[in-house]
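Peer 1: Before I ask anything, let me first share the structure, which is written out below as structure tokens.
The values are calculated or read from the model by the stated rules, or taken from the named source; none is laboratory data. Being a predicted model, the structure only gives us computed values, none of them experimental. So basically every Cβ, Gly included, is an ideal-geometry build from the backbone, and we count neighbours across all protein chains shown. Only protein heavy atoms, including side chains, enter the accessible area calculation; ligands, DNA and RNA are left aside. Shrake-Rupley method; radii C 1.70, N 1.55, O 1.52, S 1.80 Å.
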Amino acid sequence: AKELVTLCDDKTIAVVGILGNHYNGMYDPVWDIDREVENINAEKGWQLGIHVDAASGGFIAPFQEMSGKGCPPFDFRLPNVLTMSASGHKFGESICGTGWIVFRQREDLAEHIAVTVTYLGGSSDSLTLNFS
């Protein structure tokens with residue numbers, strides 16, 4: 001985690017941790033990355049955040065924790081984790097290409113992604129990345 005933060009500068013918009021890579025299922029230590037990001041934010045006055053790519057591990061890690069096998073916090077329990085993504089087509093049993101991104105708070109969504117639409121006589125939020 002320390003080496004990762006040395007690569008950050010004032011143009012860095014986020015740090016990405018992978019929860020379950022494709023080769024061997026290893027988790028990046030998001031819990032350690034969070035601590036280092038907290039330190040660099042305090043030291044430099046930045047607002048660097050973390051995105052957790054939980055495409056594979058997002059469907060496994062919560063159950064490891066529940067089973068008592070241990071998995072340190074990797075999600076919104078960590079203060080600098082702002083977004084997480086998961087791929088439904090891997091373990092969520094949905095069609096190929098299905099994926100989700102979850103934001104800690106709506107304020108982090110650009111106005112082009114989060115829009116309010118009128119649907120069936122009421123207002124509904126529509127969150128989408130068109131043409132992605």
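Peer 1: Volume per residue, Å³, of the convex hull around the alpha-carbon atoms of the chain?
Peer 2: Details: hull volume 21.2 nm³, N = 132.
Spelled out: Cα convex hull of the chain, divided by residues, is 161 Å³.
Peer 1: To the nearest 0.05, how large is the calculated FRET efficiency for Gln64 and Lys2 if R₀ is 30 Å and r is the Cβ-Cβ distance? Provide the component values of the computation, followed by the final result.
Peer 2: Working: r = 25 Å, r/R0 = 0.84.
Computed FRET efficiency for Gln64 and Lys2: 0.75.
Peer 1: If DNA, RNA and ligands are ignored and the probe is 1.4 Å, what is the ranking of His89, His51 by accessible area, most exposed first?
Peer 2: Details: His89 70, His51 35 Å².
Of His89, His51, the descending order of accessible area is His89, His51.
Peer 1: Compute, for the chain, the length of the dipole vector about the Cα centre, with Cβ point charges of +1 (Lys, Arg) and -1 (Asp, Glu) only. Units Debye, rounded to 20.
Peer 2: Dipole size: approximately 260 debye.
Peer 1: Provide the gained length on full extension for the span Asp32 to Glu93, in nm with one decimal, where the gain is 0.36 nm per separating residue minus the Cα-Cα distance.
Peer 2: On the way: separation 61, 0.36 × 61 = 21.96 nm, distance 3.10 nm.
Answer, rounded to one decimal: 18.9 nm.
Peer 1: If you don't mind, there's one more thing I want to ask. Based on DSSP loop calls and a cut-off of at most 15 other Cβ atoms within 10 Å, the longest stretch of the chain free of exposed GluC sites (Glu not before Pro) is what?
Peer 2: Details: sites that count: Glu93, Glu111.
By the stated rule (loop sites, at most 15 other Cβ atoms within 10 Å), 1-92.
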